[in-house]
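Here is the structure we will look at, set down as structure tokens.
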């Protein structure tokens, strides 16, 4: 039993091209070819070009592509020719007629501008996501990356230094589209450059599986972590979270390097607790962040788009905040009191989970929830019925006389 992460977290980004400002040799033929190669949207941006010249350029492109063309700063011509939409400056949105059914796009450079634009625009460019290629000195604004996971009805288009190798990151951050400009037009072969993007888009599919049973390691006298990982994996558990508190960094890394090949030999996912730098150093499958253990966006920058990031939550407010960032699952708890973790958050109980999951459903937050904290075998069925995806356990397994048998029995409760 696994879950493939929902589209809210992983989406296939559309490819957008913004034209060069000046007229390029054979530009209409190039634009036509880009559509034929798989371009999703074309933004024609020609500052200062007379309407007659713009119309002449547009009419050299097959009308079958017109619904996918957005014209900048000339809404009247876009409507007259029958294009898909038009792009206007943020300050001009208030004068736009939204009743014509056309796409309306604009640009935003921060959260306040985004909220203003979202009242009218169907597509909003967010920039600069990366250091600009066409505008030297126009540097990336790292805080904008979190905007991809804002609850919204319009589409967000990443702009500013975007190259094909950024596509997996943009998918993970929750952006709907990637806009290419300098990457294409500063090359003598723009079609060839665009084919690089198409190739990566077709290959780019980050599929992460969140197991229903998570084992969290624990320092136990006479029962090594190596034996713990072997036993739980032998019992069918396919997710190990390495947690080792109050030891030196050197010992923690040494132990992680011993545990990782054991987990891999069973095909189990190996997650590091609290430390994205260690996760990167040993090439673990991901990291789980506690409430005081760093920001998900920073962890994503360290680990990249392919690794798993989980985060701890206790309230709907926690979940709402975390849903803005590129995380893959939530560890929500505690279910009841547990001695395996210090600094416990308020106890949730079964009703607490029901309320949180109902709130997530109402707010359309679709992130797998893994329940944690003092859970017994008899609790699993009720928690799954409440809507959790899985459970994270420690003491109930490592205190069992036969931990591998405990895992088999717990998996039986999960799959029943």
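Among the residues here, residue 150 qualifies as within 19 Å of the chain's Cα centre (by Cα) and touching a residue at least 60 places away in the same chain (Cβ under 8 Å). Taking (1) under 22 Å from residue 166 (Cβ atoms); (2) surrounded by fewer than 15 Cβ atoms within 10 Å (Cβ to Cβ); (3) modelled with pLDDT of 90 or more in turn, residue 131 satisfies each apart from (3).
Do we have residue 146 as part of a helix (DSSP H, G or I), farther than 30 Å from residue 410 by Cβ and touching a helix residue (DSSP H, G or I) at 6+ places or on another chain (Cβ under 8 Å) here?
yes
Regarding region 118-126, can at least one residue be identified that is within 23 Å of residue 320 (Cα to Cα), touching a residue at least 40 places away in the same chain (Cβ under 8 Å), touching a helix residue (DSSP H, G or I) at 6+ places or on another chain (Cβ under 6 Å) and outside any helix (DSSP H, G or I)? Yes, that holds for at least one residue. State whether one or more residues within region 168-186 are modelled with pLDDT of 90 or more, closer than 24 Å to residue 332 by Cα and surrounded by fewer than 21 Cβ atoms within 10 Å (Cβ to Cβ). For region 168-186, residues modelled with pLDDT of 90 or more, closer than 24 Å to residue 332 by Cα and surrounded by fewer than 21 Cβ atoms within 10 Å (Cβ to Cβ): absent. With respect to the conditions (1) within 28 Å of the chain's Cα centre (by Cα); (2) within 24 Å of residue 164 (Cα to Cα); (3) surrounded by fewer than 16 Cβ atoms within 10 Å (Cβ to Cβ), residue 29 falls short on a single one, namely (1). Each residue in region 173-192 was checked for being in contact with a helix residue (DSSP H, G or I) (Cβ under 7 Å, 6 or more places away or on another chain) and free of Cβ contacts under 8 Å to residues at least 12 places away in the same chain, and 1 pass. The set of residues from region 149-162 being in contact with a strand residue (DSSP E or B) (Cβ under 9 Å, 6 or more places away or on another chain) and either modelled with pLDDT of 90 or more or assigned to a strand (DSSP E or B) (or both) comprises 155, 156, 157, 158, 159, 160, 162.
Can you find a residue that is within 23 Å of the chain's Cα centre (by Cα) and under 18 Å from residue 72 (Cα atoms) anywhere in region 127-142? Yes: region 127-142 contains one or more residues that are within 23 Å of the chain's Cα centre (by Cα) and under 18 Å from residue 72 (Cα atoms).
Listed here are the residues, each with its yes/no results for (1) touching a residue at least 24 places away in the same chain (Cβ under 8 Å); (2) in contact with a helix residue (DSSP H, G or I) (Cβ under 8 Å, 6 or more places away or on another chain); (3) assigned to a strand (DSSP E or B).
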site	(1), (2), (3)
371	yes, yes, yes
400	no, yes, no
407	yes, yes, no
414	yes, yes, no
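The values are calculated or read from the model by the stated rules, or taken from the named source; none is laboratory data. Remember, predicted model here, so these are calculated numbers, not experimental data. So basically every Cβ, Gly included, is an ideal-geometry build from the backbone, and we count neighbours across all protein chains shown.
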